[in-house]
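Q: Encoded as structure tokens, here's the structure I'll be asking about.
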Amino acid sequence: MPELVVGPLLRYVDETSASIWVETSEPCEVTVEVGGVETRARTFSVHGHHYAIVDVSGEGTYEVRLGGRAVWPLPDQPPSHIRLLGPGGPRRVMFGSCRTSVPHDMPHTVSHGVDVLRAYGCTLMERPREEWPDMLLLLGDQVYADEPSAEMLKFIAGRRDDEPKTEIADFEEYAELYRVAWTDPEIRWILSTVPSAMIFDDHDLRDDFNTSASWREKMAGVSWWRRRVVSGLGAYWVYQHLGNLSPAERASDELLGKLCAGEEDGADLLDAFAEHSYQVPADNRWSYCRDLGDTRLIMLDSRCARQLTPGDRRMIDPVEWEWLTEQLHRDGAERFVIGTSVPFLLPAGIHHIQNWNEALAQGAWGRRVARWSEALRQAVDLEHWAAFRRSFEDLSRLLAALGKPVVLLSGDVHYSYVAKAKGLPIYQLVCSPIRNPLSRTLRLANIVAQFGLATLIGGSLSRLARIPRPPFSWRIIHGPWFSNAVAGLSLDTVPLSVRWDTAGTNGISEISTVELTP
């Protein structure tokens, strides 16, 4: 008898259809009933796990059945509800990043804080649907493959004793990692009810993933890395990427077509795809674009799409850049919301330090300093857009020339803030973490280093390396805030506004609300 392992997740939603993703315990037919209308799909199988996406029309409460037996909603929770987007697109988009999956008992609440996404799910259960966000954007580190919880370490120890003993190694362990992350009852409910779109960051695979050519060379010599990266990208395709695509895009996806058409386990097909996407990133695109009324949402892969050639480093390779340029120049959008897991506009001082570090790592002050600079880059995560100066400057000029509002959404840095370009309608909104806060010591160190010391010395170091000034200037106008948080971007207000919320033992509370004036 098939059981529901993970899900249902409400993923792609537009004006006419919605996509429901599930993982099941065995191959079966999955039925989703909305408003008395049933839609069915068969599962496909990879690495002994079974998945389906069911595309439904209409809106309302829904039920999931496996092999004819009802498995959702759960008896002790409100029903899940599909709301299609109106012609004007979403009114409010919730976003955040960096969520660890540890228990919610007192010791873990002390060490990791309250899980704000879970707390938000509890709150939404009590609120009218008119107050629910229309979309949830998860901007990276949905799972931590390199920092497993005690529960995951026990699972790993129970099945193998080889390296890496304290990290995820293969698809089976990734599947368990996602199960742990997404099956808390409150998390399960909010993901079944609020449509989600996702993009990955380094910890979904490994800390510092694709930082530099040197990093890739080092990892190529690690015996377990090939299995890990193939499994990680394959799991990302199944658990996160498929639901980002529209029904039409999935209908033309060659890999999904083969998996659904085959009766055998498709592990070899998935692994071959994942390995090729790692070795030849220009042949695959994790980025995607949606037109949401007069807002164009662009979710940009700023990890796999990197070009790491020494002397010609780019945050996104030429193929991805051409695609991005097309999305920004295509007619039909009055504003752009760009999701990129790593911030585009950092505090100015650390931006200059990353510029300086990149120049030195490429030999501006000689080979010995280059080796030291590469070690520093990997040690303290100098790998944001500023560390790819060519790409930063190219995108800066492109965004400045649009003449339309641009809102960049990011995470990664474990604090939240708002940055504004001088004289341009360009905002950077950062919300991080959902649940993985810095210690008080690290918070103070970040304030001193990134908002104090870096401000004093960053510009001087940049000038010493003869780095030209950026195409425009910017400054942090609100923040930083170090609490666990989720943020909500309101697209139906004039001007646009964004609110950060945190959570404590008494529920959700506001950190700050900011109006995005032109």
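The values are calculated or read from the model by the stated rules, or taken from the named source; none is laboratory data. None of the values given here were measured: they were computed from a predicted structure. All Cβ positions, even for glycine, are placed from backbone atoms using ideal geometry, and neighbour counts span all protein chains on display. Protein only, heavy atoms only, side chains kept; ligands, DNA and RNA dropped before computing areas. Shrake-Rupley method; radii C 1.70, N 1.55, O 1.52, S 1.80 Å.
Q: Quick one: grab the alpha carbon gyration tensor of the range 73-114, order the square roots of its eigenvalues as a ≥ b ≥ c, and give me rounded if a/c is under 1.5, else prolate or oblate depending on whether a/b is larger than b/c.
A: Taking the square roots of the gyration eigenvalues as a ≥ b ≥ c, the range 73-114 is oblate.
Q: Using a 1.4 Å probe on the protein chains only, how many percent of the accessible area of the chain belongs to carbon and sulfur?
A: Taking all protein chains in place, the chain shows 51 percent carbon and sulfur surface.
Q: Measure off 7 Å from each Cα along the Cα-to-Cβ vector at Arg397 and Thr109, then give the distance between these two points in nanometres to one decimal.
A: 5.4
Q: What is the range 419-509 by shape, rounded, prolate or oblate, if you read a ≥ b ≥ c off the alpha carbon gyration tensor as root eigenvalues and call it rounded for a/c under 1.5, prolate for a/b larger than b/c, and oblate otherwise? Don't jump to the answer; show the numbers that get you there.
A: Values: a/c = 3.67, a/b = 1.34, b/c = 2.74.
Taking the square roots of the gyration eigenvalues as a ≥ b ≥ c, the range 419-509 is oblate.
Q: Can you spot the lysines whose alpha carbon is less than 21 Å from Lys404's alpha carbon? Ignore those fewer than 8 places along the same chain.
A: Lys420, Lys422
Q: Shifting gears a bit: Given the Cα-Cα distance of Ile477 and Gln77 and 0.36 nm per residue of separation, how much length would full extension add, in nm?
A: Taking Ile477 through Gln77 to full extension adds about 139.9 nm, to one decimal.
Q: Quick check: residue separation of Ala150 and Thr505 times 0.36 nm, minus the Cα distance between them. What number comes out in nm?
A: Answer, rounded to one decimal: 125.5 nm.
Q: Taking only protein heavy atoms and a 1.4 Å probe, what accessible area per residue, in Å², does the range 451-502 have with all protein chains in place?
A: Solvent-accessible surface per residue comes out at 51 Å².
Q: Something else: Hey, what angle do you get for helix 225-236 against the long axis of the chain, alpha-carbon based, 0 to 90 degrees rounded to 10?
A: Taking the Cα atoms of the chain, the angle to 225-236 is about 60 degrees.
Q: Could you check the simple spin-label distance between Leu444 and Thr325, using points 7 Å along Cα→Cβ, in nm with one decimal?
A: Each label point is offset 7 Å from its Cα along the Cβ direction, giving 4.9 nm.
Q: Are there chymotrypsin sites (Phe, Trp or Tyr not before Pro) in the range 192-276 that DSSP marks as loop and that have at most 16 other Cβ atoms within 10 Å, and which are they?
A: Those satisfying the criteria are Trp224.
Q: Roughly how compact is the range 1-154, stated as its Cα Rg over 2.2 N^0.38 Å to two decimals?
A: Normalised Rg, Cα atoms only: 1.14.
Q: Take the alpha carbon atoms of the range 82-99, find their center, do the same for the range 258-287, and report the distance between the two centers in whole angstrom.
A: 29
Q: Here is a follow-up. Taking N as the number of residues in the range 255-385, what is its alpha-carbon radius of gyration divided by 2.2 N^0.38 Å? Can you show the working numbers first?
A: Working: Rg = 18.7 Å, N = 131, 2.2 N^0.38 = 14.0 Å.
In units of the globular-protein estimate, the range 255-385 measures up at 1.34.
Q: While we're here: Tell me, in nm to one decimal, what length is gained between Asp253 and Gln362 on full extension, where the rule is 0.36 nm per residue of separation less the Cα-Cα distance? All intermediate terms of the calculation are to be shown ahead of the outcome.
A: Details: separation 109, 0.36 × 109 = 39.24 nm, distance 3.87 nm.
Full extension from Asp253 to Gln362 adds 35.4 nm.
Q: Enter the Cα centre distance for the pair the range 354-385 and the range 144-202, rounded to the nearest angstrom.
A: 32
Q: Would you calculate the separation in nanometres between label points at Lys218 and Arg42, each defined as 7 Å from the Cα along the Cα-to-beta-carbon direction?
A: So the label points at Lys218 and Arg42 sit 4.7 nm apart.
Q: By the gyration tensor of its Cα atoms, with a ≥ b ≥ c the square roots of the eigenvalues, what is the shape of the range 94-235: rounded for a/c under 1.5, prolate for a/b over b/c, or oblate?
A: Numbers: a/c = 2.39, a/b = 1.70, b/c = 1.41.
It comes out prolate by the Cα gyration axes.
Q: Please check the chain for the longest run free of GluC sites (Glu not before Pro) that are loop-located per DSSP (anything but H, G, I, E, B) and have at most 14 other Cβ atoms within 10 Å. Can you show the working numbers first?
A: Details: sites that count: Glu3, Glu15, Glu263, Glu264, Glu334.
The reported range is 16-262.
Q: Determine the per residue accessible area of the range 197-282 with all protein chains present and a 1.4 angstrom probe, expressed in square angstrom.
A: That works out to 39 Å² for each residue.
Q: Then there's this: Counting DSSP beta bridges in the chain, what percent are antiparallel, to the nearest 5?
A: Taking every DSSP beta bridge with both residues in the chain, the antiparallel ones total about 75 percent.
Q: Quote the FRET efficiency, to the nearest 0.05, computed for Met125 versus Ala379 with a Förster distance R0 of 51 Å and r equal to the Cβ-Cβ distance.
A: Numbers: r = 43 Å, r/R0 = 0.85.
My answer for the efficiency is 0.75.
Q: Mind checking the range 134-187 for trypsin sites (Lys or Arg not before Pro) that DSSP puts in a loop (not H, G, I, E or B) and that have at most 15 other Cβ atoms within 10 Å?
A: Arg159, Arg160, Lys165
Q: Would you list which lysines come within 20 Å of Lys165, measuring only between C-alpha atoms, while excluding same-chain residues fewer than 8 positions from it?
A: Lys154, Lys218
Q: Also, I was wondering about something else. State, as an integer percentage, the relative contact order of the chain based on alpha-carbon contacts under 8 Å between residues 6 or more apart. Write out the running numbers ahead of the final one.
A: Details: 1084 pairs, mean separation 81.0, N = 518.
Relative contact order comes out at 16 percent.
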